[in-house]
2 protein chains.
Amino acid sequence: MSEPVVDNVTNKVEKMEVKEKTSAPPKEKKEKKSNKVQLKTPKGTQDYNPRQMTIREQVFDGIKQVFKRHGAVTIETPVFELKETLTGKYGEDSKLIYDLQDQGGEICSLRYDLTVPFARYVAMNGVLNIKRYHIARVYRRDNPIMTKGRFREFYQCDFDIAGTYDLMVPDAECLVMICEILEQVKVGDFQIKLNHRKLLDAIFAICGVPADKFRAICSAVDKLDKSPWEEVRKEMVEVKALDGAVADKIEKFVSLKDEPIKLLQHLRATGMCDGNKDATEALSQLETLFGYLECFGVTQHILFDLSLARGLDYYTGIIYEAVLTGQDRVGSIAAGGRYDGLVGMYGKKDVPAVGFSIGIERIFTILEDEYKKENKKIRENATQVFVVQMEKDLIKERLAIVSELWKAGINAEFSYKVNPKLPAQLNTADESNIPLIIIIGKSEVETNSLSVKTMHDRKQVSIERSNFTVKIKEILSTIPK
Amino acid sequence: MSEPVVDNVTNKVEKMEVKEKTSAPPKEKKEKKSNKVQLKTPKGTQDYNPRQMTIREQVFDGIKQVFKRHGAVTIETPVFELKETLTGKYGEDSKLIYDLQDQGGEICSLRYDLTVPFARYVAMNGVLNIKRYHIARVYRRDNPIMTKGRFREFYQCDFDIAGTYDLMVPDAECLVMICEILEQVKVGDFQIKLNHRKLLDAIFAICGVPADKFRAICSAVDKLDKSPWEEVRKEMVEVKALDGAVADKIEKFVSLKDEPIKLLQHLRATGMCDGNKDATEALSQLETLFGYLECFGVTQHILFDLSLARGLDYYTGIIYEAVLTGQDRVGSIAAGGRYDGLVGMYGKKDVPAVGFSIGIERIFTILEDEYKKENKKIRENATQVFVVQMEKDLIKERLAIVSELWKAGINAEFSYKVNPKLPAQLNTADESNIPLIIIIGKSEVETNSLSVKTMHDRKQVSIERSNFTVKIKEILSTIPK
């Protein structure tokens, strides 16, 4: 049995890869009992230290900025849902869902993605249109590969537009936003592969695939980014009992990828899709989309790729997947598409929707590695001033000084020792890259003054004690970032 | 049996209240099976809509600002821990812990608070000192009272200082920070009740409580904020088999509360604690603390209250609990204390620690009610500009305009209809309180211009189309917030 290749990136990203797994869910040995408490986090989870958190928060802030630039609001849903809310949404991947123990009462499961809770939210609250982002953790009981950013508990950054709008307008904005986010996080050159679910199904029909095999053949096509055509063909013919001649016809289509307008023109010029109503409709929709993307100035990032299939059944329109072109170690880093039927599975009313997930854990893995390689200094706290005492018995003076700093809104720290040694204090300030230190000694107390040292130029000046925070703010504003 | 009165606020806040429950964990009826999916969130949980999220994010940002002002870093831990990590930490409240189903592999439970995961983190990572905040959700299978901000899934805002420092210095900073946070969130007047665990135990010893009854009597005392002395006495004597004369002696102590220095002087003047080494030590520690609090200028918020007991066993030094003085409907809204032994329960090394939790859900409940009462307008998105078309067939012009706005970092939206009606567009802009609209019509296209309307004064001007984002930024900067 092959190793499961599930990525804990985003539902939309990884569903594709999960879909085909036939292996049983991973069984683990029960830990041996002992009296000593095991000092570890559960398998597939990890703590994040202040350094990692600093990087993560910066990235999240940047992504939120993009979401807000496009007028998005945010919502929050519980970390667990009724089990039945998730049932029937993930196919055979349901085995990866974490269930809560039945302790009496409702049967619940940890959320597997943010899309299903979103659809449940929209239906339950009778929302007719919303443009929302949601950055939160989801849970999958899969085989983790920690070094590749594949965890059992991991973040998703989702954006979706639900509502009845005109063709391809919100879809185009989603694609622009993926571009803006990937540029924002500075993760390297990228490309967005794009296809249309309806076109793909039309192609299967044109090639002669029986309708009941569409999804199975779609899943096989979905593997073309990882496996050569021969293997995929083998799966189609040997595992999924497709006529070999039909498979060969499919190859002619799914090997096509090009700049959006070029491939569109090629398909029309060759007449490959002629006579199929769905194909004609999908191509016309894509033409509209490409026109909008032109206006948005992002076509250079788009690759119209007939081999893109995406695993999830619920897609009904365009589908897309972003990959880094500079490296291939992480797979797709963003993905999504249009799903017009999911909300209707919960509520009485269908609310069409389109959206995407950013595979943020993979991006963190890349960024953390880069930071490590470049030995980048990262400030974990935001302290601006460290208050130092030169001689003994000045704790109360220090407390009064930091207190005034805090009241003035200045981030300040001091040693928690009553009589700390001078080198130790300076060392703390230095290690935390605190830009300014205030020094107080007996002579400062006598003259009602404070010594102030800016660390970037090691210059020291004396300022008056009274109303000193005004002067400190002034000095802080002159320090280069 | 009385209804459990557990609050889902913070571990430190509510443990006290939970401690004494003797009732069994709430049993719920199994939901009847039906084919229709129930459209609800699990009991005790809820969705948060964009309006609620806006309030919550503002409050969290304000609290984070205080944490950062004091040099805190942040960490993240998994939402579930190995079950054994939580075992033996919560006494009889362990029955409120959510367990994950045994699906093969490790046995895990959802975190019950942030303090135990923090202690596990410090021990596991060999951290010797850290000043960290952690804002995250925790889980308790208790009877929810949604209208009072009591949920099964709720946020805690924790701050802790771990490390070997001098007596009462970090403890004093924690108290200042509680004051700063409660002032920051503008939740009304408050008071921090303060006591010392060692002093309380000394008092029990002085009164003649047998050592093996300290914790049980402590729990009884803990109820004095909710029940009259007679009831508490009854519990001591009838349930906990304490000598009535001993109980009466305890009353003399636990009825004492006053300004810190005043009560300290009273205890010394009356000689009530004389001859007990632990009491002498605790009083001396408190004297040091009160001196520091004086320097920090927060004594007016502190009430030295000998009846404050706090439920958790792990406290070893000062304990405190903040309440709103203007209203009593929510109970305590912040609480904490010193716990020098908890980290040592996980690692080889003891790392002393002090900290607090903010009962943020109760604060949200109050704030949301106030916002509702005052009918406060809250902007849920951050959109600055809405791009409107006057006549038909200008979708591509609109797309080009928003695209330029986004590139310039301006938050902009537009209608997703190809040919939206003018009133509908203006309505959207108005409902979302978007401060500026850009209007494009055929005449604007012809003259290479844009009409710009500022919504606060309804003034409209015409600007040049080329490089228009510079002018838009200029106009935006003049709009009053």
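Every read-out reported here was derived from the displayed coordinates using simple, explicitly stated rules and does not represent laboratory data. All figures in this text were calculated on a predicted structure; none of them were measured in a lab. Cβ atoms come from the backbone with ideal geometry, glycine included; neighbour counts cover every protein chain shown.
For segment B:253-386, what number of Lys pairs, 8 or more residues apart or on separate chains, have alpha-carbon atoms under 30 Å from each other? Walk me through the numbers on the way to the answer.
Values: B:257/B:277; B:262/B:277; B:277/B:348; B:277/B:349.
Step by step, the pairs that qualify in segment B:253-386 add up to 4.
Using alpha-carbon pairs under 8 Å, 6+ residues apart, how would you state the relative contact order of chain A in percent? List each step's numbers first, then the result.
Values: 796 pairs, mean separation 83.0, N = 481.
In percent, rounded to a whole number, it is 17.
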Practice prompt. Report ³J(HN,Hα) in whole Hz for each residue of segment B:379-392, in order, from the Karplus equation J = 6.51 cos²θ - 1.76 cosθ + 1.60 where θ = phi - 60°; Gly and Pro get x.
Written response: 7, 8, 10, 10, 5, 9, 9, 10, 9, 10, 9, 7, 10, 5
Practice prompt. Run through the DSSP bridge list for chain B and note the antiparallel percent, rounded to the nearest 5.
Written response: 80 percent
Worksheet item: What does the charge count near residue A:272 come to, summing +1 for each Lys or Arg and -1 for each Asp or Glu among other residues with Cβ under 13 Å from its Cβ?
Response: +1
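Computed from the mean reciprocal separation of all distinct C-alpha pairs, what Kirkwood hydrodynamic radius does segment B:85-214 have, in Å?
On the way: mean 1/r = 0.0549 Å⁻¹.
Result for segment B:85-214 stands at 18.2 Å.
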Practice prompt. Determine, at each q value in 0.14, 0.19 (inverse angstroms), the log₁₀ of I(q)/I(0) that the Debye formula gives when each Cα of segment A:246-392 is one equal point scatterer.
Written response: -0.90, -1.31
Worksheet, complete the sentence: Given the candidates B:77, A:435, A:50, the one whose Cα lies deepest towards the positive end of the charge dipole of the protein assembly as shown, counting +1 at each Lys or Arg C-beta and -1 at each Asp or Glu C-beta, is B:77
Practice prompt. Report ³J(HN,Hα) in whole Hz for each residue of segment A:468-477, in order, from the Karplus equation J = 6.51 cos²θ - 1.76 cosθ + 1.60 where θ = phi - 60°; Gly and Pro get x.
Written response: 5, 5, 4, 5, 4, 4, 4, 5, 4, 5
Discussion item. Taking 4 °C and 1.567 mPa s as the conditions, I'd like the Stokes-Einstein D for chain B in µm²/s, using the Kirkwood hydrodynamic radius from alpha carbon pairs.
Written reply: 50 µm²/s
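I want the local charge near residue A:352. Using Cβ-Cβ distances under 10 Å, sum +1 for each Lys or Arg and -1 for each Asp or Glu among the other residues.
Numbers: positive: A:338; negative: A:340, A:350.
Taking every Cβ under 10 Å from that of residue A:352, the sum is -1.
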Item to complete: Determine the principal axes of the Cα atoms in segment A:70-162, then give the extent along each, sorted from largest to smallest and rounded to whole angstroms.
Response: 38, 37, 22
Worksheet item: Long-range amide H contacts for residue B:136: which residues qualify at under 5 Å (H placed 1.01 Å from N, peptide plane, sequence gap of 5 or more or a different chain)?
Response: B:156, B:158
Discussion item. Inside 10 Å of the C-beta atoms of A:43-54, what's the mean count of C-beta atoms belonging to other chains?
Written reply: 5
Worksheet item: Residue by residue, what Karplus-based ³J(HN,Hα) values in Hz, rounded to whole numbers, does segment B:182-191 have, using 6.51, -1.76 and 1.60 with θ = phi - 60° and x for Gly and Pro?
Response: 5, 5, 4, 7, 6, 9, x, 5, 9, 9
Worksheet, complete the sentence: Residues meeting the amide H criterion for residue A:439 (H placed from the backbone, H to H distance under 5 Å, 5 or more places apart or on another chain) are A:388, A:451, A:452, A:453
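Taking all pairs of different Cα atoms in the protein assembly as shown, averaging 1/r and flipping that mean, what Kirkwood radius in angstroms comes out? Spell out each step's value before the answer.
On the way: mean 1/r = 0.0321 Å⁻¹.
Answer for the protein assembly as shown: a Kirkwood hydrodynamic radius of 31.1 Å.
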Worksheet, complete the sentence: Dividing the helical contributions, -39500 (n - 2.57) per DSSP H run of n ≥ 4, by the residues of chain A yields a 222 nm value, nearest 500 deg cm²/dmol, of -11500 deg cm²/dmol
Practice prompt. Would you mind computing, in nm to one decimal, how far apart the modelled labels at residue A:272 and residue B:128 are, each placed 7 Å from Cα along Cα→Cβ?
Written response: 6.6 nm
Practice prompt. Could you work out how far apart the two model spin labels at residue B:369 and residue A:231 are, taking each label as a point 7 Å from the Cα in the direction of the beta carbon, and quote it in nm?
Written response: 6.2 nm
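What does the charge dipole of segment B:385-478 about its Cα centre add up to, to the nearest 20 debye, if the Cβ of each Lys and Arg holds +1 and the Cβ of each Asp and Glu holds -1? If you can, show how the numbers build up before the last one.
Details: 13 positive and 12 negative charges, 11 e Å.
Around 60 debye, computed over segment B:385-478.
At 37 °C and a viscosity of 0.692 mPa s, what translational diffusion coefficient does Stokes-Einstein give for segment A:192-311, taking Rh as the Kirkwood radius over Cα pairs? Give it in µm²/s as a whole number.
Numbers: Rh = 14.6 Å.
In µm²/s, the coefficient rounds to 225.
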Discussion item. From the convex hull of the Cα coordinates of segment B:385-478, what is the mean projected area in square nanometres?
Written reply: 5.4 nm²
Fill in: Gap separating the Cα centres of segment A:165-206 and segment B:416-437, nearest whole Å
26 Å
Worksheet item: Scattering from the C-alpha atoms of segment A:345-441 alone, worked out with Debye: what is log10 I(q)/I(0) at q = 0.16 1/Å?
Response: -0.75
Worksheet item: Helix A:422-431: angle to the longest alpha-carbon principal axis of chain A, degrees 0 to 90, nearest 10?
Response: 20 degrees
Fill in: Spacing of the two label points (7 Å from each Cα toward its C-beta) at residue A:419 and residue A:478, in nm
3.6 nm
Practice prompt. Please report, in debye to the nearest 20, how large the charge dipole of the protein assembly as shown is about its Cα centre when each Lys and Arg carries +1 at its beta carbon and each Asp and Glu carries -1 there.
Written response: 360 debye
Discussion item. Can you give me the long-range amide H partners of residue A:100? Hydrogens built in the peptide plane at 1.01 Å from N, cutoff under 5 Å, separation of 5 or more residues or another chain.
Written reply: A:108, A:109, A:110, B:101
Discussion item. About the Cα centre, and with charges only on the beta carbon of Lys, Arg (+1) and Asp, Glu (-1), how big is the dipole of segment B:199-296? Nearest 20 debye, please.
Written reply: 100 debye
Fill in: Förster radius 22 Å - calculated FRET efficiency between residue A:265 and residue A:191, Cβ distance, rounded to 0.05
0.65
